[in-house]
Amino acid sequence: MRMYREEVTEAVLEAKRAKGLTWAALAKVVGRHPVWTTSALLGQQSMSEDEATAAVALLGLDPAYVAPLTESPLKGSLDSDVPTDPLIYRLHEITQVYGSTIKALIHEEFGDGIMSAIDFELDIERVSDPKGDRVKITYNGKFLPYRKW
């Protein structure tokens, strides 16, 4: 019986919740950064067999869940409509408002090209602030210049 990636993600989330695990705890067992591990377990990265086996064991899932976690995913598989989840919507809104500014500043600093989403790192931090804690999101991607003809 073929198991679909969405079913695996649902099982991961259910087991994580039932066991009271954190993404950081899963990342520690997998041996990867929490952002990458979370992305992989939500279906956006492919894990090695060892990584998938470690996650499945901690979650107490059937070993049949290992194989789908190692398959190449369909990346960017969120709906193409404007997201309705408030947090994801705000990230979308940031791109809508600041996307052209970010593009202009990158082009001014680096030239004509793009930031890689493959050779890429993402980090999320809590920053204490007397007016209320802040979220710091860092995108760190390799610059890829467009080739000249």
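For the range 79-95, the condition holds for no residue, the condition being that it is modelled with pLDDT of 85 or more and under 16 Å from TYR4 (Cα atoms). Check ALA55, ALA11 and return the single one that is over 17 Å from GLU121 (Cβ atoms), in contact with a Phe, Trp or Tyr (Cβ under 7 Å, 6 or more places away or on another chain) and part of a helix (DSSP H, G or I). Exactly one of ALA55, ALA11 is over 17 Å from GLU121 (Cβ atoms), in contact with a Phe, Trp or Tyr (Cβ under 7 Å, 6 or more places away or on another chain) and part of a helix (DSSP H, G or I), namely ALA11. With the structure loaded, tell me whether THR9 is surrounded by 15 or more Cβ atoms within 10 Å (Cβ to Cβ) and either among the hydroxyl-bearing types (Ser, Thr, Tyr) or without any contact (Cβ under 8 Å) to a residue 24 or more places away in the chain (or both) or whether it fails that test. Considered against the rule, which asks whether it is surrounded by 15 or more Cβ atoms within 10 Å (Cβ to Cβ) and either among the hydroxyl-bearing types (Ser, Thr, Tyr) or without any contact (Cβ under 8 Å) to a residue 24 or more places away in the chain (or both), THR9 comes out as yes. Looking only at the range 116-136, filter to residues that are of a type outside the set (Gly, Ala, Ser) and within 18 Å of GLN45 (Cβ to Cβ); which one of those is most open to solvent (accessible area, probe 1.4 Å)? Across the range 116-136, the extreme among qualifying residues is ILE118. Within the range 111-130, residues that are of a type in the set (D, E, K, R) reach partners that are modelled with pLDDT of 95 or more with beta carbons closer than 6 Å, at six or more positions or on different chains, in the pairs ASP119/LYS142; GLU121/ASN140; ASP123/THR138; GLU125/LYS136; ARG126/ASP133.
As a summary of the residue check, ASP85 satisfies the conditions (1) within 27 Å of LEU21 (Cα to Cα); (2) of a type outside the set (A, V, I, L, M, F, W, C); (3) free of Cβ contacts under 8 Å to residues at least 12 places away in the same chain; (4) open to solvent by 80 Å² or more (accessible area, probe 1.4 Å) except for the one numbered (4). Only residues that are in contact with a Ser or Thr (Cβ under 6 Å, 6 or more places away or on another chain) and closer than 25 Å to TYR146 by Cα were counted across the range 86-127, and they come to 0.
The values are calculated or read from the model by the stated rules, or taken from the named source; none is laboratory data. Predicted, not measured: the structure shown is a model, and the values here were computed from it. Note that each Cβ is placed from the backbone with ideal geometry, even for glycine, and that neighbours are counted across all protein chains shown. Heads up: the accessible areas ignore ligands, DNA and RNA and are worked out on the full protein's heavy atoms, side chains in. Shrake-Rupley method; radii C 1.70, N 1.55, O 1.52, S 1.80 Å.
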